[in-house]
Amino acid sequence: MNNSTNNSNSLDINKDLTSITNQSGLSTSLNTGKNISTSLFNLLSQSSSPAISSTGDGLRGEYYDNQDFTNLKLSRIDQTVNFDFGRGSPNASIGVDTFSIRWTGKVEAKYNETYTFYTTTDDGVRLWVNGQQVINNFRDQSTTEVSGNITLEAGKKYDIRLDYYEKTGRAVSRLAWSSASQIKEIIPKSQLYSPGSPTATLQTSANPTTGTNNYNFQINYTDDTAVDLTSIDSNDIRVTNNKGFNQLATLVSVENNPNGTPLTATYSINAPGGVWDISDASIYTITLEANQIRDVDGNFTSAINLGQFNYSITGTGTGLKGEYYDNKDFTNLKLTRTDGTINFDFGNGSPDASIGADTFSARWTGFVEAKYSENYTFYTTSDDGVSLWINNHQVINRLVDQPATEFSSTPITLQAGEKYAIRLDYFENTGKAVSKLSWSSASQAKDIISQSQLYITNVTGSTDSIAPTASVNASNLTVGNSNNYTFTVTYSDNTAVNVSSLDSSDIQVTSSNGFSQLATLVSVDTNTNGTPRTATYRIHAPGTTWTTANNGSYSIALLANQVGDTAGNFASAGTLGNFSINIPEISVPTISLGQVPLQVNEANGSVQVEIIRYGNDLSGISTVDYITTGETATEGLDFTQMSGTVTFAAGETSKFVNIPILQDSLVEPGETFTFVVDHSSGATLGSYRTARITIDDDDQTNLTFSAPTVNENTGLATVIVSRGLATSIASVNYTTVAGTALVNSDFQATSGTLNFATGESSKTITIPIVNDAIGEANESFTIQFTNPVGVGLNLQNSTEITIIDDDPGSFVRETVVSGLTAPTTFDWIPGSSTNGLLIAQKNGVVRMFENGTLLTTPFIDISDQVNNTRDRGLLGMAIHPDFSKSGADKKPYVYLLFTYDPPETKLNLNPNTTLDAPDQPGNRPSRLIRVEADPATNYTTAKPGTEVVLLGKNSNWANTSRPDGNSTSMILNSDRSINYAANFAPSGIVNSSGQLFANMQDYYNNLSHLTNIEDYLATDSESHSVGDLEFGTDGSLFVSVGDGTSYNEVDPRAIRVQDLNNLSGKILRIDPITGAGLADNPFYDASKPDSNKSKVYDYGLRNPFRFSINEATNIPYIGDVGWKTWEELNAGKGKNFGWPYFEGGNGVSIRQPLYDDLAPAQQFYASGQAVTAPIYAFTHAGADAIVMGDFYTGNTFPSIYKNTLFIANYSKGTVDNITLDSQGQFVSIRRFDTFSNPRANTPVQITMGADGNLYYADITAGAISRWRSV
């Protein structure tokens, strides 16, 4: 905006005040000035008295998201032009500062006089009246009034157009007028008319006829002048229904061929399937398309819904069988009859003279026939109790005393023309007696179910009234290490068991130890109706596997009214049998790396790596594979490549692998290789799986220095100074130099000379560390080396010592919830009056902790969907911020993110392996689902049937590359190069024929001819699956997804991370209701809001296991778990963080040395594409894994923690907090806490609670704990 003011056309305020006083009797004082205020406009607008009665509706406003009247976003009728948008914009779809608006229509004068028109705008404006431009001030300006004159006749309508644009700063646009008889005012709605356009009316016609091919209907078009005949064609009318039908109607003919009014057009559509039949039953909506029909003046109609027609299947039913009992409990049958509908109000009486009032019951049975293939909702209105079953499923259960009350079922999918078993039980207990049954669907208005859709029986002449019987076959369980238990139930009937009634609501298994679970139906021996039918059911262990904690007796019970026969008879409830669980005490040990020398001298000849096994029970045999891989060190030149399997015999806790180090006479820098353990049996893997070992050259004359990190309270820091070639004496001077750590305050100044004797390869320097009581950031100082004799310094003449502060404040660690099984994430129910805390366990069970008690019944158990092995499982959870709101604003939703076991994992499709079985490490997809909490249990459990897949709708078996294979480790050629032909192709990516690639070589040969499957989340590794869920401050849902590839080797499939059309290695941002990408996402495609690309927020990530939202900016801060060298903290919107082509660098981006020779990597480097460096990164040689914590915004901790960001190191057991500047950039880091035994305590989530304390999920200890300030 231009801040200068042009006053040449300003209104004389004093003159206007005189006019106001003379004409309206108002007497007021206003500040004089050249720019009119809003209050003055409002006042003047109220003082006008029209000379004639007008009926205007305003002007049409067209709003554009550019200054030049392009990119139309909004059209509407504005009653007046009197807008002050401030520093905003007219609509969320329009950007601030650079937009334009065009108002058009007609203006009607009140008097036969010369009118002055006034525009007040910030910025440019042009005005035309009757085709004459009366104002032209189209330039950048502050709020300025301009005027122009034109003579008008009373009662006549004149064309008017106002063009306005805004460029930065405030946005104002107003239109006023005055004349000799008209006081100055905003032109009112009554004098403004939007452009006229034709209207359309749907003529009533018969519905489609079954067996015909098409359907004709007529539309009447009228206009105040004449309809343009040439605008009527086959693009005018669209017909749709709620099942996906969408067809433009074909123009057949037009009555009255010349331009004129009215014109009647006949249109035709084709039947959805070619012929109108039962599959087409639906309500069809007829819509006029926008900008298709116009009049001779060029005015077009807007889009409008013209009406509907109905094609449905009308049944031939006669009603339901009604059985009336002279007791409330369905005993003492008195009357049986056919009732056409259930629509009874017995008042204070009874259905029949043989039945006493007040205490009777009625049961209606039969079949209901749907008119449409849609989701139906059933409604009961009853006084008193009612229970309703549809297709042998109980959908309403309110058998309680109550006044006349309506209840509704959850939507049920029915097929048009199909008959479904129906049963309604009703009892009356004093007072009025009411029982009514209604239904509704998208095409069916809510109404009492008509007689035509109700039938006594589905089988002609059926009089069967005998219900099925059930018997159980269940054996005892005495072996642990399994996560489920199966048993069979055989159902028999005198006619036929209705197989469709068998489901996961039939059987309840309970135990005195608190266990209670509905059994999941696995299979039925025969899928057609008949007798007998044997069903296999499964229950899941409360934790990961059955353990001694689950020992006890278990009862198997058939629930009432669940299993039915083909005549609609249901089995009664009853206990079928028992089984016991008696598992001996056992635990699975853990294998990890132990003591590993991270540096070895070339002259040592070998290095010994320790592999350890620990746990409560080491009586079994365990194995683990190991392998060495060269980085800068070359196999066969610098070390001998080693691979194999280590076997731990019973009782063994430690094994060693000796790696030969090869000596040469080359002068070279330190070189590195890795040692990795993988693929364990009889044990699980610990977090320390990869070690990076540096070989120090013994031919090097230059010195190398260690760079220690020490705790403030250790007293001394020790620096090791090494040389390679030690064949002569040598010396070097050294002295300490202050940095952020200061002499005497943090360390004691130290200096001297190191003298190396012949054959001596290392010396040490010790520096006293000062332990103060001040809480401060980590600090550092350096040792400077000078005057080398007999050795060299090369470019390295100093080393840095970091001091970790040990004064974080006074805190205690407290266990809040214990007794959990591998908790991964937790979240509080917002606004909960019971302090509800949901806790997700890695195995797929979500627990509720309420009022200090861990509830026995899980909130939800999706363990049959969750692939729980290694680093996979249920890893992310979030609760909708509007969970506890009321009314329509309430969204009691819980979101779960997990590695997914598709149903095929239960089928043993490949008998030669178990990798395709549940909870096995074969390749798998992942999913994000939403479930709804159940108000019937006070929101402590999920409502059955409410699961919605938001991400991973195509995460299925068919789109997964080799779910019966584990591709975590690469298959190599004899020269240690990758064997592309022998390795698996990536999941979720198909060739030009829509098929998964045959192998990795096939994939690489066709990188320019591939398609990423939409909405597929890949996990082609035991790790790097999905990660975290966080709600943004704007209500959007952020989701982290790992690269899904090998965590311990170069995996060429990782290049998909750089593909914006693939969901791997990304931060996603979606609508939490629909799962679609959001319009302000950086890569959003408006034409494909559901595409992968539209959901991407950031990319180029390896394993973004945890992230946190900065509430000040709504930007995610991401902890990206690195490979062998770096752990990263990244942040931004629309950023590429570089993986796998770049990794690490503290504030700079560094090429990933092991991926940089891949052809796609070389192409990426050559393209010059920019990547975003980490805000902060730290290096490592052993096991490290960053866990992003929370921003601390509370007031409970000392002020030094305010607005700092917490991070943890999963493998080292350390917790730090980072200070950021106002731009969100790294300033400093300090140590907050250290766990003495990372094997026993492993935080995987850190979140601030409402009490201002920090809470963490301890996956190893099985607890939710907190740090509390004391």
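The values are calculated or read from the model by the stated rules, or taken from the named source; none is laboratory data. Here the structure is a predicted model, which is why all the values come from computation and not from measurement. All Cβ positions, glycine included, derive from the backbone under ideal geometry; neighbour counts span all protein chains shown.
Residue count for region 1231-1248 satisfying the condition of being in a strand (DSSP E or B) and farther than 17 Å from residue 1193 by Cα: 5. The listed residues are 511, 475, 482, and the only one of them that is of a type in the set (Ser, Thr, Tyr), outside the structural domain of residue 356 (by TED's automatic domain parsing), buried (at least 17 other Cβ atoms within 10 Å of the Cβ) and under 42 Å from the mean Cα position of the chain (by Cα) turns out to be 511.
Exactly one residue among 347, 385 is modelled with pLDDT of 90 or more and over 45 Å from the mean Cα position of the chain (by Cα), and that residue is 347. Quick one: is residue 1197 assigned to a loop (DSSP other than H, G, I, E, B) and buried (at least 21 other Cβ atoms within 10 Å of the Cβ)? Considered against the rule, which asks whether it is assigned to a loop (DSSP other than H, G, I, E, B) and buried (at least 21 other Cβ atoms within 10 Å of the Cβ), residue 1197 comes out as yes. Being of a type outside the set (A, V, I, L, M), touching a strand residue (DSSP E or B) at 6+ places or on another chain (Cβ under 7 Å) and free of Cβ contacts under 8 Å to residues at least 24 places away in the same chain is a property that does not hold for residue 787. Here is a check on your reading of the model: is residue 724 on the phi > 0 side of the Ramachandran plot and not polar (S, T, N, Q)? No: the conditions fail for residue 724.
Here residue 740 clears all of (1) assigned to a loop (DSSP other than H, G, I, E, B); (2) at pLDDT below 90 except the condition numbered (2). For beta carbons closer than 8 Å, sequence separation of 6+ or different chains, a first residue in region 1046-1061 that is under 28 Å from residue 643 (Cβ atoms) and in the same structural domain as residue 971 (by TED's automatic domain parsing) and a second that is assigned to a loop (DSSP other than H, G, I, E, B) and among the β-branched types (Val, Ile, Thr), the qualifying pairs are 1046/968; 1047/968; 1048/968; 1051/1045; 1053/1045; 1054/1045.
The set of residues in region 388-412 being assigned to a strand (DSSP E or B), in contact (Cβ under 8 Å) with a residue 40 or more places away in the chain and among the polar types (S, T, N, Q) consists of 394 alone. Hey, any hits in region 114-123 for a residue that's at pLDDT below 95, surrounded by fewer than 22 Cβ atoms within 10 Å (Cβ to Cβ) and not β-branched (Val, Ile, Thr)? No: zero hits.
Within region 155-169, if we keep just the residues that are under 21 Å from residue 89 (Cα atoms) and among the acidic types (Asp, Glu), the residue that is surrounded by the fewest Cβ atoms within 10 Å (Cβ to Cβ) turns out to be 163. Residues considered: 1203, 1241. Of these, the only one that is closer than 18 Å to residue 1105 by Cβ, surrounded by fewer than 20 Cβ atoms within 10 Å (Cβ to Cβ) and not aromatic (Phe, Trp, Tyr) is 1241. For region 541-593, what are the residues that are under 30 Å from residue 1211 (Cα atoms) and small (Gly, Ala, Ser)? Selection gives 541, 543, 549, 587, 592. Does region 480-493 contain at least one residue that is within 19 Å of residue 578 (Cα to Cα), assigned to a strand (DSSP E or B) and among the small types (Gly, Ala, Ser)? No, the conditions are met nowhere in region 480-493. Among the conditions (1) more than 29 Å from residue 320 (Cβ to Cβ); (2) touching a helix residue (DSSP H, G or I) at 6+ places or on another chain (Cβ under 8 Å), residue 528 misses just one, which is (1).
For region 1219-1261, a residue qualifies if it is under 28 Å from the mean Cα position of the chain (by Cα), modelled with pLDDT under 90 and of a type in the set (Val, Ile, Thr), and the qualifying residues are 1242, 1260. Only residues that are among the aromatic types (Phe, Trp, Tyr) and either assigned by TED's automatic domain parsing to the domain that holds residue 224 or more than 16 Å from residue 61 (Cβ to Cβ) (or both) were counted across region 158-192, and they come to 2. If the condition is being closer than 24 Å to residue 212 by Cα and at pLDDT below 90, then region 276-294 contributes 276, 277, 278, 279, 280, 281, 282, 283, 284. In summary, strands (runs of 3 or more DSSP E) completely within region 499-565 and bearing 3 or more residues that are small (Gly, Ala, Ser) occur at 552-558. Residues in region 668-692 that are among the small types (Gly, Ala, Ser) and out of contact with any Pro (no Cβ under 8 Å at 6 or more places or on another chain): 670, 680, 681, 686, 691.
Residues that are of a type in the set (S, T, N, Q) number at least 1 in the following strands (runs of 3 or more DSSP E) confined to region 109-219: 113-122, 132-137, 144-152, 171-178, 199-202.
The criterion of being among the β-branched types (Val, Ile, Thr), free of Cβ contacts under 8 Å to residues at least 40 places away in the same chain, out of contact with any His (no Cβ under 7 Å at 6 or more places or on another chain) and surrounded by fewer than 17 Cβ atoms within 10 Å (Cβ to Cβ) does not hold for residue 764. The combined condition, being farther than 20 Å from residue 630 by Cβ and part of a loop (DSSP other than H, G, I, E, B), is fulfilled by residue 1133.
Once region 766-788 is narrowed to residues that are farther than 14 Å from residue 744 by Cβ and outside any strand (DSSP E or B), the residue that is farthest from the chain's Cα centre (by Cα) is 773.
When 149, 207 are checked against the criterion of being surrounded by fewer than 18 Cβ atoms within 10 Å (Cβ to Cβ) and either among the aromatic types (Phe, Trp, Tyr) or under 30 Å from residue 308 (Cα atoms) (or both), a single residue qualifies: 207. All of 1166, 1240 fail the test of being of a type in the set (A, V, I, L, M) and free of Cβ contacts under 8 Å to residues at least 12 places away in the same chain, apart from 1166. The residues in region 310-343 that are buried (at least 19 other Cβ atoms within 10 Å of the Cβ) and hydrophobic (A, V, I, L, M, F, W, C) can be counted, and the count is 3.
Scanning region 436-463 for residues that are surrounded by 14 or more Cβ atoms within 10 Å (Cβ to Cβ), more than 15 Å from residue 338 (Cα to Cα), modelled with pLDDT of 85 or more and of a type outside the set (A, V, I, L, M, F, W, C) returns 436, 438, 440, 441, 444.
Residues in region 267-308 that are without any contact (Cβ under 8 Å) to a residue 60 or more places away in the chain and among the hydroxyl-bearing types (Ser, Thr, Tyr): 267, 268, 284, 285, 287.
Inspection of region 812-823 finds a residue satisfying the criterion of being hydrophobic (A, V, I, L, M, F, W, C), on the phi > 0 side of the Ramachandran plot, crowded, with 16+ Cβ neighbours inside 10 Å and under 48 Å from the mean Cα position of the chain (by Cα).
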